[in-house]
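Here the structure comes first, spelled out in structure tokens, and everything after it is commentary.
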Amino acid sequence: MYDLTGFQRDLLYVAASEDEPNGLELKDELEGYYETEIHHGRLYPNLDTLVEKGLLEKGELDKRTNYYRLTQRGHREIEARREWEDQYVAVDD
């Protein structure tokens with residue numbers, strides 16, 4: 001996951017939280033977080049990169065809509081990233 005941009009990591013985390021979200025659902029969620037519009041020219045190339053890296057699977061809902069699903073590798077990468085972050089970020093009880 002070290003070679004992903006911050007946007008790609010956020011996109012992967014949002015995709016992990018949903019059950020087979022489509023691009024528009026991911027876009028809406030990220031726009032809420034970033035408080036700015038996410039253009040298709042930013043969203044879809046980054047989704048394609050995550051698919052190419054084997055972190056997401058892309059499937060077809062209908063002729064116009066694709067869904068995205070986290071792969072096993074994607075799950076492992078998120079888990080490894082969280083373990084790495086936990087070394088540096090202490091959670092107070």
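Counting only heavy atoms of the protein chains, get the accessible area per residue of region 35-84 (1.4 Å probe) and round it to a whole Å² value.
Accessible surface, normalised per residue, equals 72 Å².
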Given the options TYR13, VAL91, LEU56, identify the residue whose Cα lies farthest towards the positive end of the charge dipole of the chain (+1 on Cβ of Lys, Arg; -1 on Cβ of Asp, Glu).
LEU56
How high is the relative contact order of the chain, in percent, with contacts defined as C-alpha pairs under 8 Å that are six or more residues apart?
30
So, with points 7 Å from each Cα along the Cβ direction, the HIS39-SER17 label distance in nm works out to 2.6
Under a point spin-label approximation (7 Å from Cα along Cα-to-Cβ), what is the ASP62-GLU85 distance to one decimal in nm?
3.5
Local electrostatic count at GLU79 - Lys and Arg +1, Asp and Glu -1, tallied over other residues with Cβ under 14 Å
+1
Which value, in debye to the nearest 20, describes the size of the charge dipole of region 1-85 about its Cα centre when Lys and Arg Cβ atoms bear +1, Asp and Glu Cβ atoms bear -1, and nothing else is charged?
320
Normalised radius of gyration for the chain, please: alpha carbon Rg relative to 2.2 N^0.38 Å, two decimal places.
1.12
For ARG81, what accessible area in Å² do you get when you roll a 1.4 Å probe over the heavy atoms of the protein chains, rounding to the nearest 10?
50
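The values are calculated or read from the model by the stated rules, or taken from the named source; none is laboratory data. Fair warning: this is a prediction, and the values are worked out from it, not measured in the lab. A quick note on method: Cβ atoms are made from the backbone with ideal geometry, for glycine too, and the neighbour counts reach across all protein chains shown. For accessibility, only protein heavy atoms count, side chains too; no ligands or nucleic acids. Shrake-Rupley method; radii C 1.70, N 1.55, O 1.52, S 1.80 Å.
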